[in-house]
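J.: Right, I'll just put the structure down here and ask away after.
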Amino acid sequence: MADHAVSDDPQVQAQLDRLWSLSPGADVLGLERITRLLERLDDPHRALPPVFHVAGTNGKGSTCAFLRAAMEADGKSVHVFTSPHLVRFNERIRVSGQLIGDASLARYLERVLDIAEGVNASFFEVTTAAAFLAFAEHPADACIIEVGLGGRLDATNVLVDPAVCGIAQLGIDHQAFLGDTLEKIAAEKAGIAKAGAALVTQRYPEALHPIMQAAADSARTLWIGQGEGWDAAVYRDRLHYRDDLGRLDTPLPRLAGAHQVQNAALAFAMLRHQDAVPLPEAALKAAPLWAHWPARLQRLDHGPLLAPLPEGSTAWLDGGHNAGAGEAIGAYFTADRLEGQKLHLIIGMLANKEVDAFLAPFAGKIAHIHALPVPGHEHHPAERFAAIAGQWGIGCTAHAEPGEAIRAVTNAAGGTPVKLLIGGSLYLAGEILRLNEQLPD
């Protein structure tokens, strides 16, 4: 789907309007259409700098952020393709370290759309082709490519010769496309494995090991899983990583949450199991503090949206929306961090997400739920959140838009500082950042 992308730039908007009119209007998996698009563009995906291909249910974007941070700490120039965007479509395509400019973005979208007649390409496929075209035409030391959905049939899986492939946390999400069991989802994600590129993964249940090994064997490559070929742990407030090359001791990630330790470690493992982009140890040690990835337990500034909150209030934003994300976010809010308080939760979730599974880890930590719609998308009604609030013995209030929810939290606080979590959807997270004037850079 087109993610309801809009742009303030009229040239970019004109191409997005074209894309909306030509696209089938839904997510479509398969490599046939993207292959046809790229053939008409002289196969730019075969002319990319060394590629780091990253899949996963949760954590793949953060892993990309750590990869980029390590490379840039060593002065490397890096192209990055991620999705979805939060506020501006440009966030999806970073050329040589910088968000693609409007004029360039409009030009690349136009070039792809001009040759797309009859392909019936999806929004994501056109975007992927535009990114590959931009990356092929600008020099860089490396490319970091995030899988959009799944792996085996994702448009990015046309990549033929990556330097290394990585898979972050696995969980249940996008069941309509990937299957409703962890085994089926694992098989789809592992479909990114390629000959000559190590398949590096986080730690998975033993039941998934044969699936990963089979994917690696089929691709004629090595599977290097956490606990097998590498490992990482926190000791005395430091990240301790080890593999056959030796040990690495780094600061803990600046990105909040214990789960980010594993994402940083996966990035280290990917970097240390490839030789196309060699990096010194100093660059890896810098990465945990350099990496930035918005809307993942992001502390919000007191911008225009949050200005009404009582002085001393703290607000976090996270776009997580599945069970694994709920566990990671819930674990972050320990009793010590909450300082005897409970969270006010402002939440909106797409209709195809499992509310109960996401919210279960927050039981006992929420003072009140403030339910929001997710504009432009089918979403869970306020009654769905009210039912959970009722089970927890707390209140739930429906609001039309974020500003109204913030004012309700403020009024309920009576001047006392609050702890606020806004989440449930990356689309909602993008709207929050826009309203609070914190645009991702």
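For every residue, the table says whether it meets (1) within 21 Å of K60 (Cα to Cα); (2) touching a strand residue (DSSP E or B) at 6+ places or on another chain (Cβ under 8 Å).
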| site | (1), (2) |
| --- | --- |
| H209 | yes, yes |
| A216 | yes, yes |
| D231 | yes, yes |
| D237 | no, no |
| L248 | no, yes |
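J.: Just checking, does region 189-196 include any residue being open to solvent by 20 Å² or more (accessible area, probe 1.4 Å) and more than 29 Å from H292 (Cα to Cα)?
T.: Among the residues of region 189-196, at least one is open to solvent by 20 Å² or more (accessible area, probe 1.4 Å) and more than 29 Å from H292 (Cα to Cα), which makes the answer yes.
J.: Let me ask something else. Please count how many residues of region 375-393 are touching a strand residue (DSSP E or B) at 6+ places or on another chain (Cβ under 6 Å) and not in a helix (DSSP H, G or I).
T.: Here the count works out to 2.
J.: Among the residues of region 289-305 satisfying the criterion of being open to solvent by less than 40 Å² (accessible area, probe 1.4 Å) and under 17 Å from the mean Cα position of the chain (by Cα), which is nearest to G75 (Cα to Cα)?
T.: Just the residues of region 289-305 that are open to solvent by less than 40 Å² (accessible area, probe 1.4 Å), to begin with: 291, 294-295, 297-298, 300, 303, 305.
After this cut, where a residue has to be under 17 Å from the mean Cα position of the chain (by Cα) as well, the list is 291, 294-295, 297-298.
Details: A291: 14, P294: 22, A295: 26, L297: 28, Q298: 26 Å.
Checked region 289-305; the qualifying residue nearest to G75 (Cα to Cα) is A291.
J.: Here's something else I'd like to know. Which ones in region 340-363 are touching a residue at least 40 places away in the same chain (Cβ under 8 Å), within 21 Å of P417 (Cβ to Cβ) and not polar (S, T, N, Q)?
T.: K342, L343, H344, L345, I346, I347
J.: Moving on. Please determine, by comparing only the residues of region 197-221 that are closer than 16 Å to L266 by Cβ and β-branched (V, I, T), which one is surrounded by the most Cβ atoms within 10 Å (Cβ to Cβ).
T.: T201
J.: Sticking with this structure for a sec: Cβ contacts < 8 Å: first residue more than 18 Å from E431 (Cβ to Cβ), restricted to region 385-409; second residue assigned to a helix (DSSP H, G or I) and among the charged types (D, E, K, R), any location; separation 6+ or different chain. Result?
T.: The qualifying pairs are I388/D356.
J.: Please indicate, with yes or no, whether at least one residue in region 355-372 is within 22 Å of the chain's Cα centre (by Cα), assigned to a strand (DSSP E or B) and either at pLDDT below 95 or not acidic (D, E) (or both).
T.: Within region 355-372, not a single residue is within 22 Å of the chain's Cα centre (by Cα), assigned to a strand (DSSP E or B) and either at pLDDT below 95 or not acidic (D, E) (or both).
Table: residues versus (1) of a type in the set (A, V, I, L, M); (2) out of contact with any Pro (no Cβ under 6 Å at 6 or more places or on another chain); (3) closer than 20 Å to T57 by Cβ.
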position: G312; (1), (2), (3): no, no, no
position: E327; (1), (2), (3): no, no, yes
position: G330; (1), (2), (3): no, no, yes
position: A335; (1), (2), (3): yes, yes, no
position: P373; (1), (2), (3): no, yes, no
position: H399; (1), (2), (3): no, yes, no
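J.: Out of all the residues in region 340-354, which are under 21 Å from A400 (Cα atoms) and within 20 Å of the chain's Cα centre (by Cα)? If you could, list the steps in order and put the result at the bottom.
T.: The first filter runs over region 340-354 and keeps only residues under 21 Å from A400 (Cα atoms), leaving 343-353.
The answer is I347, G348, M349, L350, A351, N352, K353.
J.: Sticking with this one: Could you grab me the full set of residues in region 410-427 that are under 13 Å from L300 (Cβ atoms) and outside any strand (DSSP E or B)?
T.: Result: V418, single match.
J.: Looking at region 7-29, is at least one residue open to solvent by less than 50 Å² (accessible area, probe 1.4 Å), among the β-branched types (V, I, T) and closer than 30 Å to A283 by Cα?
T.: For region 7-29, residues open to solvent by less than 50 Å² (accessible area, probe 1.4 Å), among the β-branched types (V, I, T) and closer than 30 Å to A283 by Cα: absent.
J.: Hey, among F52, F123, F81, F66, which residue is over 30 Å from T250 (Cβ atoms), in contact (Cβ under 8 Å) with a residue 40 or more places away in the chain and not charged (D, E, K, R)? I'd like the intermediate steps shown before the answer.
T.: Working: F52 fails: over 30 Å from T250 (Cβ atoms); F81 fails: over 30 Å from T250 (Cβ atoms); F66 fails: over 30 Å from T250 (Cβ atoms).
That would be F123, the only listed residue that is over 30 Å from T250 (Cβ atoms), in contact (Cβ under 8 Å) with a residue 40 or more places away in the chain and not charged (D, E, K, R).
J.: Continuing with this model, one more query. Take region 222-241 and flag every residue that is assigned to a loop (DSSP other than H, G, I, E, B) and open to solvent by 30 Å² or more (accessible area, probe 1.4 Å).
T.: Start the filter on region 222-241 by keeping residues that are assigned to a loop (DSSP other than H, G, I, E, B), which leaves 222, 227-229, 236-237.
Scanning region 222-241 gives L222, G227, E228, R236, D237.
J.: Something else: Are there any pairs with C-beta distances below 8 angstrom linking a residue in region 224-238 that is without any contact (Cβ under 8 Å) to a residue 60 or more places away in the chain to a residue that is among the hydroxyl-bearing types (S, T, Y) and assigned to a strand (DSSP E or B), with the two at least 6 apart or on different chains, and if so which?
T.: These pairs meet every condition: I224/T201; G225/T201; Q226/T201; W230/Y241; D231/Y241; A232/Y241; R238/T250.
J.: Kindly provide the set of residues from region 124-145 that are surrounded by fewer than 22 Cβ atoms within 10 Å (Cβ to Cβ) and within 15 Å of H85 (Cα to Cα), ordered by number.
T.: Scanning region 124-145 gives no hits.
J.: So which of F362, F333, F358, F385 ends up being touching a His at 6+ places or on another chain (Cβ under 7 Å), open to solvent by less than 20 Å² (accessible area, probe 1.4 Å) and of a type outside the set (V, I, T)? Show your work before the answer.
T.: Working: F362 fails: touching a His at 6+ places or on another chain (Cβ under 7 Å); F333 fails: touching a His at 6+ places or on another chain (Cβ under 7 Å); F385 fails: touching a His at 6+ places or on another chain (Cβ under 7 Å).
After applying the criteria, what remains is F358.
J.: Something else now. Quick check on region 306-330: of everything there that is farther than 17 Å from A256 by Cα, at pLDDT 95 or above and among the hydrophobic types (A, V, I, L, M, F, W, C), which residue is most open to solvent (accessible area, probe 1.4 Å)?
T.: Ranking the qualifying residues of region 306-330, first place goes to A307.
J.: Moving to a separate point now. What pairs come out if I take residues in region 285-311 that are in a loop (DSSP other than H, G, I, E, B) and pair them with residues that are acidic (D, E) and crowded, with 17+ Cβ neighbours inside 10 Å whose C-beta lies under 7 Å away, six or more apart or interchain?
T.: These pairs meet every condition: A295/D318; R296/D318; L297/D318.
J.: Name the residues in region 388-422 that are within 21 Å of F333 (Cα to Cα) and exposed (fewer than 15 other Cβ atoms within 10 Å of the Cβ), would you?
T.: Hits for region 388-422 are Q391, G393, G395, T416, P417.
The values are calculated or read from the model by the stated rules, or taken from the named source; none is laboratory data. Everything numeric in this text was worked out from a predicted model, so none of it was measured. FYI the Cβ positions are ideal-geometry reconstructions off the backbone, even for glycines, and counts take in every protein chain you see. All accessible areas refer to the heavy atoms of the entire protein, side chains included, with ligands and DNA or RNA removed. Shrake-Rupley method; radii C 1.70, N 1.55, O 1.52, S 1.80 Å.
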